[in-house]
Amino acid sequence: MGEFKVHRVRFFDYMPSAIRAMAFNSRTERLAVARADGAVEIFNFSDNYYQEKVIPGRDGRAVEALCWVGQRLFSAGLNGEITEYDLENLKPQYVIEAYGGPIWTISCNNQGTHLAVSCEDGTVKLFEILKEKIQFQRNLDRQKSRIISLSWHPSGAQIAAGMMDMIRIFDTETGRATHRLLVERGVGASKSREVVVWSIAFLSNNTIVSGDSAGKVQIWDGLMGTLVRTHLVTKWDVLALAVSQDESSLIAGTSEGTIVQFQFLSSTVDRQDRDHEWVRTRTFKNHSHDVKALALTDTAVVSGGMDTQLVVHPLLDKVEKNTQEAAQRKIAFPHRSLVGCAKKAGLLLFQFPDHLELWRLGESDGNDHICCSALSPCGGWLVYSTVSSVRLYKLQHNNNISVNKVRPQQRIIQLRSVHQLCFSADSSKLFASSSQSSVVVVALNQLECKYLQTLRHKSGHSCPTAVAIHPTTNNLISVHADQQIFEFSLQQKEYTEWSRKLQKQGLHGLWLKRDTPVTSVGFNPKNPTHIILNDTFMFCIIDQSLPLPESSTILYNQMTLRSLPAPERTRQSHAFKICKNFQHVLSMSLLDDLSLVVVERPLLDVMAQLPPPVRQKKFAT
Amino acid sequence: MSAGKQQGQRSEVKVNAGDNMVEHGDIRVVHRGGSKIDFRQPVITNDSRFLLCASGECVKVFSTSTEECIHDLQGHTDLVTGVLLRPSNHLQVYSCSIDGTVRLWDFTDGILIKTYVIGCPVYSIYASANHEGVIFIVVPMLGDKRSELFQLVAVHLPQSGDQLVESRELSAVLSNVSSNPADIAFGRGGEYIASAKGLQLKVFFFKKQKSYEFSLKEDNKKGGLNTFTCVACHPKDDCIATGHGDGKIRLWRNFNHKKEYTYSTLHWHHNAVSSLCFTPEGTNLLSGGVESVLVQWRYNQESQRDFLPRLGAAITHIAVSPDGALFCTSHSDNKITIIQSCVKVSAVIQGLVKGESVQTDLIVDPRSKALVLNGKPGHLQFYSLQRDKLLYNLDIVQQEYIHELGLEQFEVVKAAFDASGTWLATVEERKQKSAELEVNLKLWAFDEQTQSFVLNTTISAPHEARITAMCFRQATDSQTTMLVSTSKDGHFKAWQLATPAHTEDEGPSWSCDFVGTYHGLVPECCCFSADSSLLAVSFQEVVTVWSPTSWELLTTLSQPPGAIRDLCFGRLSCSKYLLGTTAKNLLCCWNLLTCSLEWSTSMDISLLLADPLSENMAAFCCQAGCTDLFVFKPSEPRPLFSHKAVCSGTVTRAVFAPREKMLDSCEENSQWLNRSQLHFLTQYMDLMTFTTKAEDDRLMASSKQLVIDDSVAMTPFYLLLGKHRHQQQENQDPMSSLSAERTPLPQSSVAIKELLQTPAHVLPSTSFLCSMFVQSLLISVTDLSGCRENNKKAEEEMESEKEEEDSEQEMESSIVRSEQAAVSVQSAECAAPALTKAQVRELRRLKKLDHSWLAGLLDS
């Protein structure tokens, strides 16, 4: 298949940021994940867990909790503000100050009418949810210590609040505290320390489940205000709890990185109605550090924490075997390219949340984080966008690089927020995807830019993860989150023959089973039949001239081919040439001189930058 | 009544149990002593007083407090594979065996109640209180008895008065189960049964007649083994605990769902969990494995667990008493430990320790008559064959044993006793791959005070190479003892006890006396003649005969080709003969008077040994994968006894153990067993012996006698009171004169009445009352004879004082044996001077009573 000169780049010190909070919307199957840098990501669970949207963060706006209300997403943080997001334009819609000091958590009742936020000053504030905004309604009885966790009773009549050393139950009608449940402190040295109720869940049968810093998961009777059962889960903290929709299963995340499942089971199998009890069943160990955020979907345990990875662990009793759902997924890197490459000039552009690196090129001003960036193939232009603005730079590099900011045209200023940026192959045009699914094309003359045209694209079935137009045939190649590949002829306005053949025959099972989306599509400048794709774990050259693989043929056959004699080799070879020599690939691009630039970010390097875990299991301990 | 029947059945089953065994008159090969007690899970009885365990062909009943074996339940004719308390009667126990029967016993009296003939080998047995009259057994799949597939079947036990019941109606419950009893367990209230095999767990619900199957993946990511090793069910909740090959314990719940079953995992063991057991209330789960640590998990709070470490050897089974007070663990070194409430080891029942091989020969300690062989690593064990009990372990190596795979340790490879049992010589060696061979010769003297062996001399590197043989000079007179050792380095050395030259307060120690060689050949065997006047040492094909007094080479004998394998001098009338076996299948007998070959015969003898108490010699020959035994006298051409196919494989270890009591069998082919008993080890480390029909009958008779006897555990005092009460009952019923021997004692009740009715302040001293009271309980000779003569005579005797005194003297002589009783009576007389005349008379009369009965009791 040809040989490439490979530049293996490992100096991109990209560090994903820790996961802080999580909210799952079971109706839309969307998971919102908040990271420590304030970024909020939306994953579409019905579309192969694709990272659909990223709302970049902002300095000093750490999100502490997330909450879905229908299709609307709210967040609250230690800066004391409640934010609602504009999920179309991927930016905060409005921000409301709660005036209660740092907010620890935000929670919405089942009816979707009220939001409750818990504040550092010991108040629980209720906000009424209106059509376009939220409005402060009342305070519940003010407590002496901060309120860490909240949970509504499904009826909406009561709220359980976890505090320091105790749990309070409030009546939402009167705002009075009806019960006071004292939580026992840890034993030994931690006896003198206050115990923090990190997480709480109020179930419909008036059971309250709490997780605290003494490592206990406690089951309380919410009517009588008595402790039913204590499960000592860890020596450290229980940080998060999540309850399944049918309230038959419960998970608790600990700072050891373990997740412990409890199930509501009857002690005997034949009398199903009585004697139900919360029994500790499974333990998952998918994280090395604190599990801070948890969600329990119908089929899987979703967890995230300090080690920055989002893990979807399927519950094998709820899914069919050997399906896409039954595989465990670890999402470690964003599903988009953070690396720009000037193919002609051989420059690399790395995108960090708060700066770009082209051998340390300029810092973004303001507090907004960069959401996308691009580098022109000739290396003469650089463009990036934040939530509020787009900036274009001209680069001059003789021996030392100088950056000149270009005074943008009126039209570009209008582009308030841009999600994708791209230069044409000859570096004469800049494409920018903006709000309302439109693409803005800007022609770049030597010194000025000109707005040309806006294309509207019809929405597809599965979200495309990588798109490219072939430089010579003008065919548009799109790869989707469900791993399908399409080739669309822009001239004939229809799918090409190859694409139809591919759809008819279907893709190989192993190809469909891969669990990371293709992040880039490229072409071989020397051979127009070659399409180059890559995801985190492999890179693939699709040779359109070769037959497609049957479902019975071996997909990963490079090694076997090598051992075969030449005539046999041609008979056995098929269109998909897959190379798995690289791992944790962030970007891969083929330069004009047929050298391949691979930007890797080994997961071990990421792990090495994390603080040491509280506990590592050692043999015989 | 059924003894004859049983006997017939026994021999019949024996034929198909042994591979191709032929009956040899009255002599059978049996397991007698030293069988495994860790083979199956033991059972603790409801009152926690007895522990029952399968041991070879019988079930042993041990006392949980004294560790003593109380009796054997004998009757099975093959390996017993399971013991189970009968759910409906806690005084009865089922046992199952490979011989195809299930037997029901009364274990307190050791009576066989019923025998159910199943008709195919039974591998394990289960029962539940909810299944009245049904037992569940594991048998091979029908059709093909040799297959490796087993099934669980239910057997309806027919209600019948017969002792022997055919119950061949089996109804299959689960197919393809494991034959390991730990892999099947009854669930709560017997509603379901759980069975694990390989990677699959099956749960069968009896009510719904439905089974659920759960499979695990073959291997987890880290390479651990997920295979099931054992199963236990919670007694109150529906929770199944399973042990796994990688040391995990899974607690299964919701297992009446195909998909929504769930399990939690507990992991402490680093290697396979071999046994699991819930306590009767279900509050705790016990687990054990190769770590030899008993782990107690709190049910539903599994993060809290207790450990009982250092139990000595890998745990193979765990059992809990029905009241939960006692735990017992079986260990792989043939030991059962009884533990009180998971904290204290209260008793250890130790069987014969069996390693992978016995490097020392089987030896009999002349002093204790115990069998001596390798035991725990680095130890010699002294095992009493008569009592079937481990006496003690002697630490030879005296180094800490470290259990690690591939680590070479010192091993005891040779041991020898001198004739009187005062000296013990041991050889230990360690061969590490890179290092040189380390050999130590140790000599131990028997210390009368501590009744054990004390190290006298350690000779490190006694030879430059491995020691091949070692023997003491069998000095009958009190000459100096001598030890001869032969080695691969081409020398044989004589060691002698010598007093040290410089007079320190050290006792005599051993030193080398003579080093002998013969043409640089390697010596293999050495042997002293019966009178210790000759020493024979074999150097490959050549036998050299030396005089141990002058160290003169007297003669050489040779019968090439083939190196000498074994050497033996004849005994008693045959002491002029020297026998040797060669590697080329030749048994030679040399006459030492003529120094010529007397006879030779061609047979492949793996082991030749002489009976120390007779002229007899035993030769084990290996033929076609089996071992035959020949017993012969060197002077006679015809063997005394031959037994084809004693066992499969070769026999390399055997010993003649002298009997405590000589048998007086006059049958020709069993005469050789009169003085000593022949024990041998099979290749599977089973200790076997030969038994005659007479012995069998005697054993049978003694077990019959047990039935009549009262419970052994009862104290003599209890017996005394019991008999007394019995007599009182008879008193009340005047018609019961059938038991003529037990005539009523009217005066005894009078004595007691007197004792009870007299006011306390006028009572004589207690010492007086005590003897009077005790005597009132005794049966007098006169009363015994009262049935023959009249009571009148006794009254006459009472009247004449003189006669009384005469008879008193007669009495004196008759009670000489019970000195204590007599003394107490006399002291009572002097201690109580102020007695009324009536009292004195009464006392005299009492004194006349026969005390010999009590004396007999005290003696026994």
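Bear in mind that the values in this text are calculations on the coordinates, not laboratory data. Values in this document were obtained by computation on a predicted structure and should not be read as measured data. Here the Cβ is made from the backbone with ideal geometry for all residues, glycine too, and neighbour counts use every protein chain on show.
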In nm, spacing of pseudo-spin labels at A:Gln328 and A:Lys526 (7 Å Cα→C-beta vector): 4.3 nm
Amide H partners (placed H, <5 Å) of B:Asn284, local residues excluded: B:Thr279, B:Tyr299
Hz values of 3J(HN,Hα) by residue in the range A:579-585 - Karplus curve (6.51, -1.76, 1.60), Gly and Pro given as x: 10, 10, 6, 10, 9, 6, 7
Overall form of the range A:123-252 per C-alpha gyration tensor (a/c, 1.5; a/b vs b/c): prolate
Table column - 3J(HN,Hα) (Hz), the range B:176-183, Karplus curve with 6.51, -1.76, 1.60, x for Gly and Pro: 6, 10, 7, 7, 6, x, 5, 8
Efficiency of FRET from Cβ geometry, B:Asp306 and B:Gln209, R₀ 41 Å, rounded to 0.05: 0.55
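Using DSSP to call loops (not H, G, I, E or B), can you name the chymotrypsin sites (Phe, Trp or Tyr not before Pro) in the range B:502-584 whose Cβ has at most 15 other Cβ atoms within 10 angstrom?
Values: sites: B:Trp510, B:Phe514, B:Tyr518, B:Phe528, B:Phe539, B:Trp546, B:Trp551, B:Phe569, B:Tyr577; in loops: B:Tyr518, B:Trp551.
In loop regions of the range B:502-584 (DSSP not H, G, I, E or B), the sparsely surrounded chymotrypsin sites (Phe, Trp or Tyr not before Pro) are B:Trp551.
Mean residue ellipticity at 222 nm from the helices of chain A, using -39,500 (n - 2.57) per DSSP H segment of n ≥ 4 over the full residue count, to the nearest 500 deg cm²/dmol? All intermediate terms of the calculation are to be shown ahead of the outcome.
Numbers: 6 runs with 38 residues, N = 621.
Mean residue ellipticity at 222 nm (helix-derived): -1500 deg cm²/dmol.
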Nonlocal amide H pairs with A:Glu52, under 5 Å, H built at 1.01 Å: A:Ile42, A:Phe43, A:Asn44
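Cα-Cα over 31 Å: which of A:Lys216/A:Lys617; A:Lys493/A:Lys577; A:Lys285/B:Lys376; A:Lys330/B:Lys259; A:Lys285/A:Lys513; A:Lys131/A:Lys285? If you can, show how the numbers build up before the last one.
Values: A:Lys216/A:Lys617 19 Å; A:Lys493/A:Lys577 28 Å; A:Lys285/B:Lys376 42 Å; A:Lys330/B:Lys259 25 Å; A:Lys285/A:Lys513 23 Å; A:Lys131/A:Lys285 42 Å.
Violating the 31 Å limit, Cα to Cα: A:Lys285/B:Lys376; A:Lys131/A:Lys285.
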Ranked list, fewest to most other Cβ atoms within 10 Å of each Cβ, for A:Cys579, B:Cys512, B:Cys239: B:Cys512, A:Cys579, B:Cys239
Where trypsin sites (Lys or Arg not before Pro) fall in DSSP loop in the range B:319-384, at most 16 other Cβ within 10 Å: B:Arg367, B:Lys369
Total charge dipole magnitude, the range A:464-608, about the Cα centre, Cβ charges on Lys, Arg, Asp, Glu only, Debye to nearest 20: 340 debye
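With an 8 Å Cα cut-off and a minimum separation of 6 or more residues, compute the relative contact order for the range A:508-621 in percent.
Working: 161 pairs, mean separation 25.6, N = 114.
Value for the range A:508-621: 22 percent.
Can you give me the relative contact order of the range B:362-482 as a percent, contacts being Cα pairs under 8 Å and 6 or more apart? Can you show the working numbers first?
Values: 232 pairs, mean separation 20.4, N = 121.
Relative CO of the range B:362-482 lands at 17 percent.
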Qualifying chymotrypsin sites (Phe, Trp or Tyr not before Pro) in the range A:487-524, DSSP loop, other Cβ atoms within 10 Å at most 11: none
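Just counting partner chain Cβ atoms within 10 Å, what average do the residues of peptide B:295-307 show around their Cβ? Present the calculation step by step, with values, prior to reporting the outcome.
Working: counts 0, 0, 0, 0, 0, 7, 5, 3, 7, 1, 0, 0, 0.
Per residue, the number of nearby Cβ atoms from other chains is 2 on average.
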Mean separation of Cα contacts under 8 Å, 6 or more apart, over the residue count of chain A: relative contact order %: 9 percent
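Mind giving me the FRET efficiency for B:Ser550 and B:Cys512? R0 is 22 Å, r the Cβ-Cβ distance, nearest 0.05 is fine.
Values: r = 17 Å, r/R0 = 0.78.
E between B:Ser550 and B:Cys512, to the nearest 0.05, is 0.80.
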Within 10 Å of each Cβ in A:600-611, the average number of Cβ atoms from other chains: 0
Hz values of 3J(HN,Hα) by residue in the range A:498-505 - Karplus curve (6.51, -1.76, 1.60), Gly and Pro given as x: 4, 5, 5, 4, 5, 5, 5, 6
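In peptide B:261-268, what is the residue-averaged number of other protein chain Cβ atoms found within 10 Å of each Cβ?
Mean partner shielding for this stretch: 4.
Would you mind ranking B:Met662, A:Met538 so that the residue whose beta carbon has the fewest other beta carbons within 10 Å leads the list?
On the way: B:Met662 11, A:Met538 19.
So the ranking, lowest neighbour count to highest, is B:Met662, A:Met538.
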For B:Cys626, residues with placed amide H under 5 Å, excluding near neighbours: B:Gly649
